[in-house]
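Chemist: My structure is below; once you've seen it, I'll send some questions.
The values are calculated or read from the model by the stated rules, or taken from the named source; none is laboratory data. From a predicted model like this one, the values you see are computed outputs, not experimental measurements. In this analysis, Cβ positions are derived from the backbone assuming ideal geometry, glycine residues included, and neighbour counts consider all displayed protein chains. The accessibility values were calculated without ligands, DNA or RNA, using every heavy atom of the protein model including side chains. Shrake-Rupley method; radii C 1.70, N 1.55, O 1.52, S 1.80 Å.
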Amino acid sequence: MIRIIPLLATTALAFVSCERRSDIEIANEENILIIGNSNEPKGLDPHLVSGVLESNIIRALFEGLVVDHPSKDSHSVDGVAFKDQIKHSDDFTEWTFHLNPEAKWSDGVAVTAHDFVFSYKRLLSPDPNWPAKYAEMLYFLKNGEAYHRSKLGHILCGNDPDFPLVWETLREANFEGDSKIKPKKFKGKIFSELNEQDLEKFSPYLTGKDTPDFDELNSTGSDFESLSTANKKVLFNSIGIDKLNRKQLLLLKDNLSLIKWSDNITTEVKQLVITRILSHHDAGKPKLWDKAEVGVSAINDSTLKLKLRGPTPYLLEVAKHYTWYPVPKHIILKHGEINTAYSSPWTKPKNIVSNGPFKLKSWRTNHLLEVERNPHYWDAEEVKLDGIRYLPIRNYYTETRMFGDEQLHLTYTVPSELIPMAKEKYAAELRQESYIGTRFLRVNTLNSPFDNPKVRRAFALAIDQKSICEEILQGGQAPASGIVPPFGDYKPPGLIKFDPEKAKALLQESGYESTSSFPDIDLLTTNSDSGLREAEALQAMWQKHLGIKVRIQQREWSTYLQNQYDFNYDIVVAGWIGDYLDPTTFLELWVTDGGNNNTAWSSKTFEDLLRKAEKSSDITTRMTILSEAEETIMNDIPVLPIYWYTTNYLIRPEVKNWNPLLLNNHPFKFIEIDKN
Amino acid sequence: MLRIILSRLLQTLVVVFLLVTFTFFAIRMMPGNPFADVKALTEENKAAMERLYGLDKPLHIQYANYWKNVLLEGDFGDSFSMKGRKVSTLISESFPISLKLGLLSLFLAMSLGIPLGIIAALFHNKWQDYTAMIIAMAGICIVTFVLGPIFQLSFAKPLSWLNVAGWSRPSDVILPAITLCFGVAAYLARLTRGGMLDILSQDYIRSAKAKGVSQLNIITKHALRPALVPAVTFLGPAFAAIITGSFVVESIFLIPGMGQYFVLGIQNQDYTLVLGLVLFYGILMGIANLMSDLALIFMDPKLRNS
Amino acid sequence: MSTSVKALPAGLKDVEKGSSLWADAYVRLKKNKLAMLGGIIVISILITCFVIAPILSWIGFDGNEQDLANKFAGPSTKNLLGTDQLGRDLLMRVLQGGQISLLVAIMATMLTVTIGVIYGGIAGYVGGRIGNAMMRIVDGLLAMPFLIIVILFREVISGQVDEIARFLIDDWGWNDNDVLRFANLIPLTFAIAGFGWLSMGRIVRSSAASLAQQEFVEAARSLGLSHRRILFRHILPNMLGPIIIYATLTIPSFILYEATLSYIGLGIEPPNSSWGKLIQEGANYLETNITVLAVPAVLFSLTLFAFNFLGDGLRDALDPKASKD
């Protein structure tokens, strides 16, 4: 009881002395923007986060080479580098940036080209302890991928003038290992009884009479010398030349046929490759940054040079992504090693230093994150706001109500249930804009029935996309005819459209006699309400148009993800938001074993087209090739497109310069609160 | 007296130990992976993460290490899902908020539930009884996730000094506390009513009545204290439950309290966070129970002497 | 009720008092108008959900058929209470949701009573250190995070249940809709009961402990009856009162549990729904289409009121110590 008294007193006080002005009135006076940001950020290290909500904060704290134009897509303005002084070679493979000498970290230290080199080296770090999720964004850099994935053969031989002619052919050699033939996967099976599909996996590595024995392979452990030749072949090829240990390399040196090489390589070259890798082992596996010659270098403090893997006319679009931002070398090294990932000590509120228009003011978990003006920012005079408050509002209904009660300038989203009300009540404040993102269904192509492309197509064509957009979502979303949303110069092949008749016909062709003999299918989704309504609608559509009853499985986020990685699903509702304005941000997802593929689908034709596009410097040709690549996916259809996203949010009229942008990456330095 | 307290504390410790042990193994049986993120981890990455958090060791070693860290170093470990934050920090930041909310709503529940219960008992089976009980029961019959939004729309929007949600103004505690209090108030009213009916039928009250002692006097001087015994017994566990079980209210009113961690921790498979919470909750519950028992002893002279 | 009284061995002194207890109780219950009203409401809701709803569905009303273009329609002859956000018949959805909520709550209560009575009865009868230890375990489990249990049960049990359901459908030719809908409830029921029996166990233990001290039990002991016989034939029948009361009060609290689980996304498998799930989804339309919230919420609240008042009334009536005015 006694403890309650002071509490009562404060409450009573609150009643008397309460603030009668709304949060917005106060914030407007303080010149601070309050925005709903959907959830607690997982971190502030630009190299370790991967979500949209984190990027909203990082964009205020950090700044890249160039900055998004506040109102025009695919345009940039000065960032750390001077926009006008950017030079590139005619084929768009070499770029030079001149950095603004006034660019400073929030502790006053200058931002130099070395910070960028350090930053890219850090993100690409090949250390398995380094949990960066977005290192692929730097694969645009020459040798970026080779360094990140520790491709020893490539690094030690590929960049070497000794190998000028053979490297191209050498690339076919099995440096990386083939995870599909890992002996563990065939535990308990007998080689001679494998089905055709599985035998196919071994055919590149084995000759005529070779019959490996999986039991022996799995039981011997590290004692590989006693294995039969066939077993050694399976083992070595599953590991790959790059990852063989010293003892295995020595054995390979004496018996070169244990691994797959390409035909026209001389024994001498093979020996040379092995010797190089062996000497790397002998040198205690030194870090390979210098040898890898990754395409980033600092000519001097204020000149940064990038060499790219191929012509990239849209580099500036890519470089606006936060993975390309610099991180403060001097601060990171003060609080740890280059890639001390664990909890990123340098991003703790008391340590963090940033180079953007704002710096971190306070961060209370699940409560509030606030940034304030960065006085050392090179363009500080042009920054309009004095600060931004990010509220982690998970409940979007609450968020909309808070907006109505003058507690927020800007909401993260408007839940579809409330859109009809918002259209009426907040007609001036509601914005519905195109957004570069696609909602789709992944299917597990490993299992029946979705190993059959006809079934996949039948399921795709039985989705009444228009009804989902107009009756359920109501936010102006558009039916998706493919995986890449339409924008700029890209012409989508447009292959998917609701067609129940054709869907039915396809299902009949697929060889499943009747719907009752159809295998049980689970539709995996998260446990959010919006996901549920979509899933229920899909369930009803498939039932109605195909006569197939699908079960809905709602799972918590971590289980939802893990089930996909383990291929423990049949069909799953998912989505992807583009990282930069180019179709590759959607197409690269579906490469073999890509971290976001999760469908087990892979196609050489598709990947060849992507590689071909990488080499093309003509924009129109490139887009045609990419469109062809999308066609390959949509023909084989491991993903069923549902709709193209839009953004739906509420914004107060006094917030100026917040214009429609396809990526929804609004540069905070230009945002203004107009008090009148 | 001291012996009772000590033995109860010892029992609490045993209970907490069992609880943590059970949770430790149960949470590892759950599906999913604590490190699952928007992109599949490579085998190497996964192994590295497991090494980092000591999950690569045999289970019994992990278990021993957990207790070693907790008991010897007072370290509950780092949260898996909220990188770089200690479980102890998360709890110490959110507990005061939950405590403030919990105490206020408990107070509101008592000031609503107990009078209603007394009225209901005094007018047993009359309209006053029915009205009081209907009011008390309304709280548990309208679920919090409906009550909360209704309060937001009907009070916070029209009243300029009251915010819809958030935790920045002193007045922000009011609506969530009211939303939370109804559930407890209903039980308190019911228990008070039962207790009161029980006491009023006792012989000593009847004889007091017969002697012409006034109704008010009987209630305040003789009946109230013993009649509240069942309600007070309930207060301890209710207090613990209100502090940790407020996930729904926290989500609706955007309160950075402790309740959300119980749900998020489990959904994200944040082993250390869940274990830390269970440990904390177990102790809290033990203390809350002890407090309500002590209150009982204080209230009931018969118990005080024995 | 009379059977349980007859189960008491003749010659023990409680018999006479016992029979008058039940009759007395009914008289007292009848005096409590609110409790009687509660009882009538409970019965009519049970009839509506389990008798009228199947008839409606037999006539052709379907709670799962969607008509997206016809969402949020007003009442019509086709949809007596209009349609929901996906154009499904609201009345049927609410009634079918009620079936599930009530089934889960009732089945979980039955489980709770069974486990609670056995565990609590033994703990109370045996008493001493063992009984105490058994109760400390209960205390510990009470502080256990409920969600872990629910998720574990879902994963562990649902596989088994699915297999049985498949077997019933494929080999016995049962209606797959009904079987799957029911199979879906089992993990949830077990999860709720897995937590709910703890309070039941405590209550049973305390009454069993006090009964174990009574003279008639000592008499039975001196007659050399086995412990099992004493426990189940003598102590248990005398605890029926508190058990029935508690069970009546447990049903509404389990309906609430289920609703809270639905809020977190751990409830029943869609497209099937429960009251909790319907209310939770309906709450999202608070500002736009209040009907989809109001219909399930009213029925849900009414049921909760009714069960609670009936339970309270039963307690007043059955508790021998309660006032006789």
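Chemist: Any idea of the total accessible area buried by the B-A contact, 1.4 Å probe, rounded to 100 Å²?
Modeler: That pair hides around 4900 Å² of surface in total.
Chemist: Please list log₁₀ I(q)/I(0) at q = 0.20, 0.22, 0.24 Å⁻¹ for region A:511-566, using the Debye equation with identical point scatterers on the alpha-carbon positions.
Modeler: Debye curve over Cα of region A:511-566, log10 I(q)/I(0) at q = 0.20, 0.22, 0.24 Å⁻¹: -0.77, -0.86, -0.93.
Chemist: Still on this structure: For region B:73-141, what is the accessible area per residue in Å², given a 1.4 Å probe and the full set of protein chains? The partial results should precede the final answer.
Modeler: Working: 2510 Å² over 69 residues.
I get 36 Å² per residue for region B:73-141.
Chemist: If one computes the Cα centroid of region A:435-456 and of region A:70-85, what distance in Å separates the two points?
Modeler: The distance from the Cα centre of region A:435-456 to that of region A:70-85 comes to 39 Å.
Chemist: Per residue and in cubic angstrom, what volume does the convex hull of the Cα atoms of region A:160-274 have?
Modeler: Dividing the Cα hull volume of region A:160-274 by its residue count gives 106 Å³.
Chemist: Near the amide H of A:TYR435, under 5 Å away, which other amide H atoms are found, from residues 5 or more places off or on another chain, if H is placed in the peptide plane?
Modeler: Answer set, sorted by chain and number: A:THR647.
Chemist: Sticking with this one: Compute the projected area of the convex hull of the Cα atoms of region A:55-98, averaged over all viewing directions, and report it in nm² to one decimal place. All intermediate terms of the calculation are to be shown ahead of the outcome.
Modeler: On the way: hull surface 15.3 nm².
Mean projected area of the Cα convex hull: 3.8 nm².
Chemist: Mind putting together the pair-distance distribution for region A:67-146? All Cα pairs, 10 Å bins, whole percent per bin, short to long.
Modeler: 15, 36, 39, 10, 0
Chemist: For region A:549-625, count the residues as N, evaluate 2.2 N^0.38 Å, and divide the Cα radius of gyration by that value, please.
Modeler: Working: Rg = 15.7 Å, N = 77, 2.2 N^0.38 = 11.5 Å.
The reported ratio for this selection is 1.37.
Chemist: Right, another one. With Rg and the Kirkwood Rh both taken from Cα atoms, where does Rg over Rh land for region A:214-255?
Modeler: When Rh is taken as the Kirkwood radius, the ratio is 0.92.
Chemist: Please report the base-10 log of the normalised intensity I(q)/I(0) for region B:161-306, using a Debye sum with one equal scatterer per alpha carbon and no solvent, at each q in 0.18, 0.20, 0.21 (1/Å).
Modeler: -1.07, -1.18, -1.23
Chemist: I've got another one for you. Toward the positive end of the charge dipole of chain A, about the Cα centre and with charges on Cβ (Lys, Arg +1; Asp, Glu -1), which of A:PHE440, A:LEU391, A:THR211 goes farthest?
Modeler: With unit charges placed on the Cβ atoms, the residue in question is A:THR211.
Chemist: Then there is this: To the nearest 10 degrees, how steep is helix B:174-200 against the longest Cα principal axis of chain B, on a 0 to 90 scale?
Modeler: For helix B:174-200, the angle is close to 50 degrees.
Chemist: Please list C:LEU37, A:LEU626 from largest to smallest accessible area, probe radius 1.4 Å, with all protein chains kept in place.
Modeler: If we order C:LEU37, A:LEU626 from most to least accessible, we get C:LEU37, A:LEU626.
Chemist: Still on this structure, I have one more. So, taking all protein chains as they sit and a 1.4 Å probe, how much accessible area belongs to A:LYS151, in Å² rounded to tens?
Modeler: 40
Chemist: Work out the length of the dipole vector of region A:210-345 about its Cα centre, built from +1 on the beta-carbon of each Lys and Arg and -1 on the beta-carbon of each Asp and Glu, and round it to the nearest 20 debye. The partial results should precede the final answer.
Modeler: Working: 18 positive and 16 negative charges, 140 e Å.
Approximately 680 debye in magnitude.
Chemist: Roughly how many Å² is the accessible area per residue of region A:334-480, as a whole number, for a 1.4 Å probe? Don't skip to the answer; put the middle values down first.
Modeler: Values: 5150 Å² over 147 residues.
Ligands and nucleic acids excluded, the figure is 35 Å² per residue.
Chemist: Return the value, in Å² to the nearest 100, of accessible area buried between chains B and C (probe 1.4 Å, both sides summed).
Modeler: 3800
Chemist: Using only the Cα atoms, work out Rg/Rh for region A:296-361, with Rh taken as the Kirkwood radius, to two decimals.
Modeler: That ratio is 1.03, to two decimals.
Chemist: Give me the percent of accessible area attributable to carbon and sulfur for the protein assembly as shown, probe 1.4 angstrom.
Modeler: 57
Chemist: Report Rg(Cα)/(2.2 N^0.38 Å) for region B:12-83, keeping two decimals.
Modeler: With N residues counted in region B:12-83, Rg over 2.2 N^0.38 Å equals 1.23.
Chemist: I'd like the Kirkwood hydrodynamic radius of region B:1-132, using the inverse of the mean 1/r over distinct C-alpha pairs, in Å.
Modeler: Value: 19.8 Å, from the Cα pair sum.
Chemist: I've got another one for you. Across 5 Å bins from the origin, how do the percents of Cα pairs in region C:13-120 run, short distances first?
Modeler: P(r) for region C:13-120, in whole percents per bin: 2, 10, 13, 13, 13, 14, 10, 8, 7, 5, 3, 2, 1, 0, 0.
Chemist: Continuing with the same structure: Could you give me the radius of gyration and the Dmax of region A:244-373, taking only the C-alpha atoms into account and expressing both in angstrom?
Modeler: 22.8, 65
Chemist: Give the separation of the Cα centroids, region C:36-95 to region B:240-261, in Å.
Modeler: When both Cα centres are located, 34 Å separates them.
Chemist: Moving on to the next point. Tell me the angle of helix C:90-126 to the major Cα principal axis of chain C, expressed in degrees between 0 and 90 and rounded to the nearest ten.
Modeler: Around 20 degrees separate the two axes.
Chemist: Still on this structure, I have one more. Given the whole protein assembly as supplied and a 1.4 Å probe, what does the accessible area of C:VAL27 come to in Å², nearest 10?
Modeler: Probe radius 1.4 Å; accessible area of C:VAL27 about 90 Å².
Chemist: Order B:TYR53, A:TYR147, A:TYR412, most accessible first, counting only protein heavy atoms with a 1.4 angstrom probe.
Modeler: Output order, biggest surface exposure first: A:TYR412, B:TYR53, A:TYR147.
Chemist: Right, next: Mind listing the Cα extents of region B:49-190 along all three principal axes, in Å, largest one first?
Modeler: Principal axes ranked by extent give 66, 39, 23 Å for the Cα atoms.
Chemist: In degrees from 0 to 90, rounded to the nearest 10, what is the angle of the helix A:4-16 Cα long axis to the longest principal axis of chain A?
Modeler: 60
Chemist: Provide the descending list of Cα extents for region A:452-580 along its principal axes, expressed in whole angstroms.
Modeler: Principal extents (largest minus smallest coordinate, Cα): 44, 34, 28 Å.
Chemist: What accessible area, summed over both chains, is buried at the A-C interface (1.4 Å probe, Å², nearest 100)?
Modeler: Details: alone 31140 and 17450 Å², together 46060 Å².
The contact between C and A buries close to 2500 Å².
Chemist: Another one. Apply the Karplus curve 6.51 cos²θ - 1.76 cosθ + 1.60, θ = phi - 60°, to the phi angles in region A:494-508 and return the couplings in whole Hz, x for Gly and Pro.
Modeler: With the stated coefficients, region A:494-508 comes to x, 9, 10, 8, 4, 8, x, 5, 5, 4, 4, 4, 4, 5, 5 Hz.
Chemist: Out of C:ASN175, C:PHE216, C:GLY194, whose Cα points farthest toward the positive end of the dipole of chain C (charges: +1 Lys, Arg; -1 Asp, Glu; placed on Cβ)?
Modeler: Positive-most Cα among the choices belongs to C:PHE216.
Chemist: Per DSSP H run of at least 4 residues, take -39500 (n - 2.57); add these up for chain B, divide by its residues and hand me the 222 nm value, nearest 500 deg cm²/dmol.
Modeler: -23000 deg cm²/dmol
Chemist: First check a/c for region A:530-676, with a ≥ b ≥ c the square roots of the eigenvalues of its C-alpha gyration tensor; if it is under 1.5, answer rounded, and if not, answer prolate when a/b is larger than b/c or oblate otherwise.
Modeler: Verdict is oblate for region A:530-676.
Chemist: Can I ask one more? Residues of region A:26-61 with accessible area at least 50 Å² lower in the all-protein-chain context than alone (1.4 Å probe)?
Modeler: Residues losing area: A:LYS42.
Chemist: For chain A, what does the equivalent ellipsoid look like in terms of its semi-axes, each the square root of 5 times an eigenvalue of the Cα gyration tensor, given largest first in whole Å?
Modeler: Working: eigenvalues 412, 246, 116 Å².
Over the Cα atoms of chain A, the ellipsoid semi-axes are 45, 35, 24 Å.
Chemist: Hey, another quick one. May I ask you to rank A:LYS233, B:LYS68, C:LYS33 by accessible area, largest first, using a 1.4 Å probe over the protein chains only?
Modeler: Largest to smallest exposure gives the sequence C:LYS33, B:LYS68, A:LYS233.
Chemist: Loop-only check: which chymotrypsin sites (Phe, Trp or Tyr not before Pro) in region C:96-177 are DSSP coil with at most 11 other Cβ within 10 angstrom?
Modeler: Filter output for region C:96-177: empty list.
Chemist: Additional query: Compute, for chain B, the length of the dipole vector about the Cα centre, with Cβ point charges of +1 (Lys, Arg) and -1 (Asp, Glu) only. Units Debye, rounded to 20.
Modeler: Here chain B has a charge dipole of around 1040 debye.
Chemist: Accessible surface of B:LEU52 in the full protein assembly, 1.4 angstrom probe, to the nearest 10 Å²?
Modeler: Surface accessible to solvent at B:LEU52 totals approximately 90 Å².
Chemist: Given q = 0.06, 0.09, 0.10 Å⁻¹, what are the Debye log10 I(q)/I(0) values for chain C, with equal point scatterers placed on the Cα positions and solvent ignored?
Modeler: -0.26, -0.58, -0.70
Chemist: With charges set only on the Cβ (+1 for Lys and Arg, -1 for Asp and Glu), what does the dipole of the protein assembly as shown come to about its Cα centre, in debye to the nearest 20?
Modeler: Details: 129 positive and 136 negative charges, 1065 e Å.
Dipole size: approximately 5120 debye.
Chemist: Let me ask you something else. Which value results for Rg/Rh of region A:565-605 when Rg is the Cα radius of gyration and Rh the Kirkwood radius based on the inverse mean 1/r?
Modeler: Numbers: Rg = 11.3 Å, Rh = 11.5 Å.
Looking at region A:565-605, the ratio lands at 0.98.
Chemist: Here is a follow-up. I need to check one value: relative contact order of chain A, counting alpha carbon pairs closer than 8 Å and at least 6 residues apart, in percent.
Modeler: 20
Chemist: Give the distance, in whole Å, between the Cα centre of region A:113-143 and the Cα centre of region A:310-356.
Modeler: Taking the Cα centre of each part, region A:113-143 and region A:310-356 sit 10 Å apart.
Chemist: Now, a different point. Once Rh for region C:176-277 is found with the Kirkwood sum over Cα pairs, what is the Stokes-Einstein diffusion coefficient at 25 °C and 0.890 mPa s, in µm²/s?
Modeler: Rounded, D is 151 µm²/s.
Chemist: How compact is region A:311-433 by the rule of thumb for globular proteins, expressed as Cα Rg over 2.2 N^0.38 Å?
Modeler: Working: Rg = 18.9 Å, N = 123, 2.2 N^0.38 = 13.7 Å.
Rounded to two decimals, the normalised Rg is 1.38.
Chemist: Need one number: convex hull volume per residue for region C:108-218, Cα atoms only, in Å³.
Modeler: 118
Chemist: Calculate one ³J(HN,Hα) per residue across region A:290-303 by plugging θ = phi - 60° into the Karplus curve 6.51 cos²θ - 1.76 cosθ + 1.60, and present them in order as whole Hz with x for glycine and proline.
Modeler: Values per residue, Gly and Pro as x: 5, 5, 5, 6, 5, x, 9, 8, 9, 6, 8, 4, 10, 10 Hz.
Chemist: As an exercise, identify the trypsin sites (Lys or Arg not before Pro) in region A:500-556 lying in DSSP coil whose Cβ has no more than 16 other Cβ atoms within 10 Å.
Modeler: Answer by residue number: A:LYS549.
Chemist: In square angstrom, what is the accessible area per residue of chain C with a 1.4 angstrom probe? Before the final figure, lay out each step's value.
Modeler: Numbers: 14310 Å² over 325 residues.
Dividing the accessible area of chain C by its residue count gives 44 Å².
Chemist: Relative contact order of region A:212-321: what whole-number percent is it, with Cα pairs under 8 angstrom and at least 6 residues apart?
Modeler: 15
Chemist: Give or take rounding to whole Å, what are the principal axis extents of the alpha carbon atoms in the protein assembly as shown, in descending order?
Modeler: For the protein assembly as shown, the Cα extents along the three principal axes come out at 114, 79, 70 Å.
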